[in-house]
1. Once phi is turned into ³J(HN,Hα) by the Karplus curve 6.51 cos²θ - 1.76 cosθ + 1.60 with θ = phi - 60°, what whole-Hz value does each residue of segment 18-35 show in order, with x for glycine and proline?
2. Along the positive direction of the dipole of the chain (beta-carbon charges: Lys, Arg +1; Asp, Glu -1; about the Cα centre), which of L62, P204, N83 reaches farthest?
3. Ignoring everything but the protein chains, give the 1.4 Å probe accessible area of I246 in square angstrom, nearest 10.
4. Per-residue counts of other Cβ atoms within 10 Å, averaged by peptide: what ranking do you get for 22-30, 157-165, highest first?
5. Sort M274, M185 from largest to smallest accessible area, using a 1.4 Å probe on the heavy atoms of the protein chains.
6. Just the number, please: carbon plus sulfur as a percent of the accessible area of segment 193-284, 1.4 Å probe, no ligands or DNA/RNA counted.
7. Considering only the other residues whose Cβ falls under 12 Å of the Cβ of A187, what net charge follows from Lys and Arg at +1 and Asp and Glu at -1?
8. Take the chain, connect every pair of alpha-carbon atoms lying under 10 Å apart with a spring to form a Gaussian network, then pick out the residue of T139, T125, T147 with the largest mean-square fluctuation.
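The values are calculated or read from the model by the stated rules, or taken from the named source; none is laboratory data. Since the model is a prediction, treat every value here as computed from it, not as a measurement. Virtual Cβ from ideal backbone geometry, glycine too; neighbours counted across all protein chains shown. Ligands, DNA and RNA are stripped out before the accessible areas are found, and what is left, the full protein with its side chains, is counted by its heavy atoms. Shrake-Rupley method; radii C 1.70, N 1.55, O 1.52, S 1.80 Å.
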Amino acid sequence: MFQADLLKGKTIFITGGGTGLGKSMAKRFLELQAQVIIASRKIERLEATVGELQAETGGQILALALDVRDYQAVESALDSALNSFGRVDILINNAAGNFVSPTEALSPKAFDVIVDIVLRGSYNTTLAFGKHWIHQKQTARVLNIVTTYASTGSGFVVPSAIAKSGVQTLTRSLAVEWAKYGITMNAIAPGPFPTQGAWDRLLPPGLEKQFIERIPLKRVGDHLELANLAAYLVSDQSEYINGEIITIDGGEWLKGAGEFNFLDALTQEEWLAMEQQVRKANRK
Ligand code: HXC
Ligand code: NAP
């Protein structure tokens, strides 16, 4: 759907790019001729992804060990990326941690571990990269991966919901503050996209069918759909989009929001009975 060289000359730094959606975005960016850095804690898994994506795309990709919770480590990773590629144009805050649990069962540490990865981690990378770009007088883009429940809130994933809504606020705040430096910032709010990281930690056994039935399009997202949206949002073609949270969820969150959307479960017969009831009420 894009020009083959849409991202040529761009260097893109993806946190958590060794697995899941980060890996799928890395692949798409390489196909579109970007240079890519993937950075997370588990270097062996990152190296395996580098080998796989290099073989598939022939593109230039580098793995860096990084824990986004450590600001000094973020600065060192940026230095390593600059040593290898000379510049970084785009930061994708994709790294995350999450699990489902009744909130009253959580310990204080359970909150810290999630908020530190998602919110503090995104703040750390954005601050380090932003300082560098502003000092270099370089235009740049940040794309944050949030969730639909960052806007609505959600039970059973409360530390994640709090942290992601903080990232959403970071997006809207710096989109305005740093526009004067030519740094723009947007976010994608995905609905369900199957990845091992999310499915193993968030989907109770046996509930997958029920989970998918709730989605108006009756299917989960395809990684390529999200990767293409991300490619557009980091490309020069979307330069005027700034401070937006773009949802890609098959209509899932809106269905939960509409008070009468549950009526899509009614059969044809039940609809006929309902019509008769309404017409009778109108005649009274
Ligand atoms: C209650 C839990 C828990 C659970 C861990 N904890 N799992 N509490 N229920 N299921 C608590 C522990 O008891 C501990 O507190 C604290 O959390 C931290 O534990 P650690 O041992 O430090 O961490 P660990 O449990 O080993 O790992 C947690 C993690 C890990 C770091 C978040 O899962 C991880 O690396 N995740 C990265 C990948 C990931 O989560 N991907 C999913 C992204 S999907 P105490 O006090 O007991 O020591 C997503 C959006 C999904 O974000 C939307 C889908 C539609
Ligand atoms: P995933 O494969 O588990 O990806 C999470 C990544 O974060 C992992 O590669 C992990 O790598 C990295 N990470 C975790 N802690 C880190 C840390 N401290 N420092 C650096 N990296 C760290 O899950 P995913 O489903 O692809 O999720 C990707 C993004 O999409 C996340 O932001 C998630 O919230 C969002 N999202 C996903 C869905 C979905 O349905 N899949 C829905 C909504 C939003 P290491 O273990 O090597 O550190």
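1. Result, ordered by residue: x, 9, x, 5, x, 5, 5, 5, 4, 4, 5, 5, 5, 4, 8, 6, 7, 9 Hz.
2. P204
3. 40 Å²
4. 22-30, 157-165
5. On the way: M274 75, M185 0 Å².
In descending accessible area the options line up as M274, M185.
6. 56 percent
7. On the way: positive: R141, K164, R172; negative: E244.
That sum, taken over residues with Cβ under 12 Å, equals +2.
8. Top of the fluctuation ranking is T139.
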